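Please read the structure below before turning to the comments.
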Amino acid sequence: MIRLEGISREFQVGDERVHALRGIDLDMIPGDYLSIMGPSGSGKSTLLNILGLLDRPDSGRYRLEGIDTTTLTEPQRAAARRERIGFVFQSFHLLARLSAAQNIELPMTLAGIDPAQRRQRVARTLRALGLADRAEHRPDQLSGGQRQRVAIARATIMRPLILLADEPTGNLDQSSGEEVVETLETLNRDGITLVVVTHDPRIGERAARRIRMVDGAILGSG
Amino acid sequence: MHITDTFGFAIRALRGARARSALMLLAMAIGIASVVLLTALGEGARRYVGNEFSNLGTHLLVVLPGRTETTGGPPPLIGGTPKPLTLDDALALTRSTTVRYVAPLIVGSAPVSHRQLEREATILGATAELLPVRNLELARGKFLPPGDPERGAAVAVIGSALKQNLFGNAPALGRWIRIHDRRFRVIGILKPMGESLGMDLGELAIIPLSRSQSLFDTESLFRILVQATTREHVARTERAVSEILKTRHGGEEDITVITQNALLGTFDEIFRTLTLAVGGIAAISLAVAGILIMNVMLVAVSQRTAEIGLLKALGAPGGEILRLFLVEAGLLSVTGALLGMATAYGGVWAMGHLFPDFPIGVPPWALAAALLVALLTGLLFGVLPARRAARLDPVRALSGH
Ligand SMILES: Nc1ncnc2c1ncn2[C@@H]1O[C@H](COP(=O)(O)OP(=O)(O)OP(=O)(O)O)[C@@H](O)[C@H]1O
Ligand SMILES: [Mg+2]
């Protein structure tokens, strides 16, 4: 479903060229559960951004469901993000002025889905996450764990193929981190492909496939 | 994204930044209010002058003997020997259906005396029609009685200054005055009116036309004043008058017709230009509002970088983000403009109460123009921030750069 071949990404920092990714090869099949670990600056986030079509590699090929993504125009990439990819961020990125329900609804609003259907799906998702009584709360009225679960609901409301989480527990205490990981794993069991970048070995080790990155390259995978 | 959702999103974003939105609304409202108010003042001044002119008689046509090339100019100095205008010419003009009044005039100068006091005064030979045609008003007594213009009684209506000079504070009505060597009984005194059509209405005596003909020993009229039924009929009346007199003068176009429309048109033009100029100056405040909107929107874009990054990660294409920010700018502009118009109407209403004589009014075109200009200003100055937002790199935006 996903195939990366020789993906490289460089950044110009001042006079220096930083090799964030050096010739990454990676295959994934639907339903994979992958963790990416590695020291800071090893290129984990850069890899995730390329997987999520937020960034383009300087060289290499990225095939998503048989489509060569390097040939896609920017609006086509936006559409692919909308329909196929979900993001979960360390800092949640919820819009403070919107309620939990409105935040979850946002991707469907952007996709032009009609309001009745939107409300139905939001309500169902909130119930599944045990957040039904928090629907009208704003992010600042929610705990960190609840916020991240709202963010996960938003990332999956469009039923994407792949869910990309960049240190989803980085801002959470252990117990709410645990809750969040369980939420992600439940989604994975239901079929979504899950990629989690983490610094926490206990979380990383729960994944079926574990990738270790150092200095822009994949050291070993299990 | 549905258009209603776009608006909903924009409205929530604006409400989420109350202080910022209020500031922009205020700027736009002030700009629009000053444009509308100043154009209303300009329009008021135009109407004021227009009204003053209609007091003079906007339906008025002046027929003079002789031919001039330019209407509205002074009476002709040369041009052969034009046939004089006669009373019969004047009476012939009453045949035209668009003519309401015809007032033939003879003008001369003669000594006017009462007992030992004597003044040199302007003598107008006229008919009863002069009163409505020139909007003359009487302080006392009556005007010349209607009747056969060939047979006028020995009566006179005198100006207020002449009355003062001859009678002082003593009553003048019913007294006899002497004009040249003939006696006239005073039957009316005009209200002080100042000058009009270049004649001092104070130092004046008006006598029946037939009397002035024999007084000055002339048949030829100085002017014929013609009042059309309405202002719209002035042009038709002008053609009719020329036609009738041409026929009567053996096909010779030897008269000139002056209308006030030309003059009024000039004033209209001047005031419209003035209104536009004043409105244009006020529009500078709109530009200021526009620049403020641009700056505040730029700040908003930089403060909402992370949000823009998120929208992109959620699959909003650049065009969608551009649209969102433009709708925000447009909503602010139009709302600000509506507030400004309400303020301006309040101001116009207040001024209307304070100065009831001044016909202040908001011209409808100014409203439409203000709304359009506000929208254009908002969009124009909103484009730069919106494009900046649309072009943000999502990865950098998400990390808050
Ligand atoms: N936009 C950028 N401009 C310049 N350099 C960048 C940019 N993004 C990443 N880098 C550099 O690329 C390298 C990889 O960065 P990346 O964010 O992928 O690391 P990471 O593994 O996610 O680190 P961390 O665990 O700290 O999040 C780093 O050296 C980083 O400084
Ligand atoms: Mg990272």
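Miscellaneous remarks
- Scaling against 2.2 N^0.38 Å puts the C-alpha radius of gyration of segment A:66-163 at 1.11.
- Measuring between their Cα centroids, segment B:278-305 and segment B:117-142 lie 62 Å from each other.
- Taking N as its residue count, the alpha carbon Rg of segment A:1-156 over 2.2 N^0.38 Å: 1.19
- Euclidean distance between Cα centres, segment B:335-401 to segment A:154-175, Å: 43
- Reach of B:Lys312 by Cα under 24 Å, taken over lysines that are not fewer than 8 positions away in the same chain: A:Lys44
- Summed side-chain charge close to B:Asp393 - residues other than B:Asp393 whose Cβ falls under 12 Å, Lys, Arg +1, Asp, Glu -1: +3
- Among the GluC sites (Glu not before Pro) in segment A:174-222, those located in a DSSP loop and surrounded by at most 15 other Cβ atoms within 10 Å of their own Cβ are A:Glu205.
- Tilt relative to chain A, helix A:144-156 - C-alpha long axis, 0 to 90 degrees, to 10: 80
- Here chain B is treated as a Stokes sphere of Kirkwood radius computed over C-alpha pairs; at 37 °C and 0.692 mPa s its diffusion coefficient rounds to 124 µm²/s.
- Taking N as its residue count, the alpha carbon Rg of segment B:248-296 over 2.2 N^0.38 Å: 2.42
- Where GluC sites (Glu not before Pro) fall in DSSP loop in segment A:49-130, at most 15 other Cβ within 10 Å: A:Glu65
- Counting heavy atoms of the protein chains alone, B:Phe216 has an accessible area of about 60 Å² for a 1.4 Å probe.
- The sum of -39500 (n - 2.57) across all DSSP H runs of n ≥ 4, divided by the residue count of chain A, sets its helix-only mean residue ellipticity at 222 nm to -10500 deg cm²/dmol.
- Hydrophobic, long helices, defined as DSSP H runs whose alpha-carbon span along the helix axis is 20 Å or greater and whose mean Kyte-Doolittle value is at least -1.0, occur in chain B at B:18-56, B:234-248, B:261-303, B:318-354, B:364-391.
- The H on the amide N of A:Ser35, modeled in the peptide plane, is under 5 Å from the matching H of A:Val196, A:Arg209, A:Arg210, A:Ile211, each at least 5 residues off or on a different chain.
- FRET E, pair A:His199, A:Arg97, Förster distance 41 Å, beta-carbon r, rounded to 0.05: 0.85
- Sequence-distant residues sharing a close amide H with A:Val214 (under 5 Å, placed H): A:Leu219
- Stokes-Einstein D (µm²/s) once Rh is taken as the Kirkwood radius of the protein assembly as shown over alpha-carbon pairs, at 37 °C in 0.692 mPa s: 102
- Rounded percent of accessible protein surface that carbon and sulfur make up, segment B:99-231, 1.4 Å probe: 45
- Sequence of B:His249, B:His401, A:His199 from largest to smallest accessible area, 1.4 Å probe: B:His401, A:His199, B:His249
- Straight-distance candidates among the aspartates and glutamates for linking to B:Lys163, with alpha-carbon spacing under 17 Å and chain neighbours fewer than 8 residues away dropped: B:Glu118, B:Glu120, B:Glu137, B:Glu195, B:Asp200, B:Glu203.
- Helix-only CD estimate at 222 nm, as mean residue ellipticity for chain B, using -39500 (n - 2.57) per DSSP H run (n ≥ 4): -18000 deg cm²/dmol
- Table column - 3J(HN,Hα) (Hz), segment B:118-127, Karplus curve with 6.51, -1.76, 1.60, x for Gly and Pro: 9, 9, 7, 9, 7, 10, 10, x, 8, 10
- Size of charge dipole - segment B:99-231 - debye, nearest 20, with Cβ of Lys, Arg +1 and Asp, Glu -1, no other charges: 460
- Residue by residue along A:109-117, Cβ atoms of other protein chains within 10 Å of the local Cβ number 4 on average.
- Karplus-derived 3J(HN,Hα), 6.51/-1.76/1.60, for each residue of segment A:193-201, Hz, glycine and proline x: 7, 10, 10, 10, 8, 8, 9, 8, x
- Relative contact order (%) - criterion: Cα under 8 Å, at least six apart; region: chain B: 29
- Beta bridges per DSSP, both residues in segment B:99-231: antiparallel share near 75 percent.
- Mean projected area (nm²) of the alpha-carbon convex hull when segment A:1-76 is viewed from all directions: 5.7
- Between helix A:115-128 and chain A: long-axis angle, C-alpha atoms, 0 to 90°, nearest 10: 80
- Amide H contacts under 5 Å for B:Ala110, placed H, 5+ residues apart: B:Ala121, B:Ile123
- Once B binds A, the 1.4 Å probe can no longer reach about 2000 Å² of accessible area, counting both sides.
- Between 0 and 90°, nearest 10: helix A:174-189 axis offset from chain A longest Cα axis: 80
- Under the convention that each Lys and Arg Cβ holds +1 and each Asp and Glu Cβ holds -1, the size of the dipole of chain A around its Cα centre is about 620 debye.
- Under Karplus coefficients 6.51, -1.76 and 1.60, residue-wise ³J(HN,Hα) of segment A:73-83 in Hz, glycine/proline x: 7, 4, x, 5, 5, 4, 5, 5, 4, 5, 8
- Partner lysines for B:Lys83 [C-alpha distance under 25 Å; skip if fewer than 8 residues away on the same chain]: B:Lys246
- Taken along the Cα-to-beta-carbon direction at a fixed 7 Å, the label points for B:Tyr48 and B:Ser242 span 3.6 nm.
- Look at the stretch A:99-107: the mean tally of other chain Cβ atoms within 10 Å of its residues' Cβ atoms is 2.
- Per residue, segment B:99-231 exposes 47 Å² of solvent-accessible protein surface, assessed with a 1.4 angstrom probe and all protein chains in place.
- Only one residue of B:Ala103, B:Gly141, B:Val157 has its Cα farthest out toward the positive end of the dipole of segment B:82-201, where Lys and Arg carry +1 and Asp and Glu -1 on Cβ, and that residue is B:Gly141.
The values are calculated or read from the model by the stated rules, or taken from the named source; none is laboratory data. In this text the structure is predicted, and so the values were computed from the model without any measurement. Because the Cβ atoms are built from the backbone with ideal geometry, glycine has one as well, and the counts that use them run over all protein chains shown. Accessible surface areas use protein heavy atoms only, side chains included; no ligands, DNA or RNA. Shrake-Rupley method; radii C 1.70, N 1.55, O 1.52, S 1.80 Å.
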